1. Determine the dipole magnitude for region 93-192: charges of +1 sit on the beta-carbon of Lys and Arg, -1 on that of Asp and Glu, nothing else is charged, the reference point is the Cα centre, and the result goes in debye to the nearest 20.
2. For Val117, Val163, Val190, what ranking results if the residue with the fewest other Cβ atoms within 10 Å of its Cβ goes first?
3. What is the ratio of the Cα radius of gyration of region 135-195 to 2.2 N^0.38 Å, with N the residue count, to two decimals?
4. Computed from the mean reciprocal separation of all distinct C-alpha pairs, what Kirkwood hydrodynamic radius does region 93-192 have, in Å?
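What follows draws every value from the coordinates through simple rules; no lab data is involved. Computed from a predicted model, the values in this text were never measured in an experiment. Here Cβ is always computed from backbone atoms with ideal geometry, including for glycine, and neighbour counts include all displayed protein chains.
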Amino acid sequence: MIFKANDKYAGSLSSGYTVGDNTFYVTAVPINVPTIIVAAKGTADETVFTVTSSTINTLIGVARLKGANVNLDAGTTLTCLNNAEFINQFVSISSWVTKSYGATVTFDLDEGAKQRVVLAGNPTLALANVSSAKVFHLRITQSSSGGNTVTWWSGISWDDGVVPTLSTGANKTDTFLFIETSPGYYDGYVTGQNK
């Protein structure tokens, strides 16, 4: 299943958005945050953003994930990816599943859609039972000495086609979101770095 914007949580910009802003002023606020927002869906300006919180008619913590890097006019439509099926992938998981380090670290999604590992070297990352989740978060933390790298599994489409570089500082954590778009293929997003 490919997750699509859900018009139940649709709105529009009540004033324009300038590239680099971290706030949307909107006509309606989605009821679940954090979330993923698609602006100008289906147009040349289509852009995917993350949003971390909201107040009345305002979405806060807006960060561009993918798509056009353009200013958006007042009235631009916004649709929301965090319908119940999407958000429940995360809220139903009470804690992160911690994986043991090895030369290959396999994230078995039967165990949960939020998983993490602390690096002790430079592992190859693998997946199992993706159909159990479809959408999943991974947290990768450096060892106390830092400087480790990973080899990602195949089939990931990263933002702008660029594979992200892990933060290398001691004990630093990067977080990633993946959406399975079809069997063996994934959209990959960086949702936090150098934490």
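1. Working: 6 positive and 8 negative charges, 63 e Å.
The calculation lands at about 300 debye.
2. Details: Val117 21, Val163 9, Val190 17.
Least crowded to most crowded, the residues run Val163, Val190, Val117.
3. Values: Rg = 12.0 Å, N = 61, 2.2 N^0.38 = 10.5 Å.
Normalised Cα radius of gyration, region 135-195: 1.14.
4. Values: mean 1/r = 0.0734 Å⁻¹.
For region 93-192, the Kirkwood estimate is 13.6 Å.
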